[in-house]
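Q: Sharing a structure here in structure tokens format.
The values are calculated or read from the model by the stated rules, or taken from the named source; none is laboratory data. Given the structure is predicted, the values throughout are model-derived calculations rather than measurements. Ideal geometry is used to build each Cβ from the backbone, glycine not excepted, and the neighbour counts take in all protein chains shown.
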């Protein structure tokens, strides 16, 4: 393999994380889970709008009836949100999950803003602890899907600083240069 090909391959692999990060969704939804005793739990959600994406007017978070007792779904969101967001549980239909439906009554979530305080209690029917869910961001006029994703657990894992990433890239480049010089 020529040095030029090795360099091109090396640059491609360095760009992969950047290319993966560019693929964005209109929203990111993180959650924390609280045990309420027995098989009862509560999800607390934070919704974050992604800059450059369409404003968020309508979100549906899915509750699979095989994992969540549908009759136990109970909205316990911060009461201050009710003035700006209509929240309801939509029952499942054959082949479709129950939904925690969030509709902006006024201004949508936009500009990279985050909104916390959405919460729902439920009885968990699955094994282990409850986890990630599918969500849809919808156009409120046509109900077409704008984007879809999965909620993720909000954990405080510090991200590496930018200079650490640059230093790691430099170390890899030097190591690659030494091996190709031989």
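Q: Being out of contact with any strand residue (DSSP E or B) (no Cβ under 8 Å at 6 or more places or on another chain), modelled with pLDDT under 95, closer than 19 Å to residue 152 by Cα and not in a loop (DSSP other than H, G, I, E, B): is that true of residue 9 here?
A: No.
Q: Scan the stretch 91-105 for residues that are loosely packed, with under 15 Cβ neighbours inside 10 Å and in contact with a strand residue (DSSP E or B) (Cβ under 9 Å, 6 or more places away or on another chain) and jot them down.
A: At the first step, the residues of the stretch 91-105 found to be loosely packed, with under 15 Cβ neighbours inside 10 Å are 91, 93-96, 105.
Within the stretch 91-105, 91, 96, 105 qualify.
Q: Turning to a different aspect of this structure: Tell me, which residue of the stretch 21-48 that is buried (at least 18 other Cβ atoms within 10 Å of the Cβ) and at pLDDT below 95 is nearest to residue 139 (Cα to Cα)?
A: Ranking the qualifying residues of the stretch 21-48, first place goes to 26.
Q: Taking residue 77, is it at pLDDT 95 or above, surrounded by 11 or more Cβ atoms within 10 Å (Cβ to Cβ) and not in a strand (DSSP E or B)?
A: Yes; evaluated as a whole, the condition is true for this residue.
Q: Are there strands (runs of 3 or more DSSP E) fully within the stretch 110-154 with at least 2 residues that are buried (at least 16 other Cβ atoms within 10 Å of the Cβ) and modelled with pLDDT of 95 or more? List them.
A: Strands (runs of 3 or more DSSP E) meeting the threshold: 114-123, 134-138.
Q: Considering each of 78, 110, 86 in turn, give the residue that is farther than 16 Å from residue 147 by Cβ, touching a residue at least 40 places away in the same chain (Cβ under 8 Å) and in contact with a strand residue (DSSP E or B) (Cβ under 8 Å, 6 or more places away or on another chain).
A: 78
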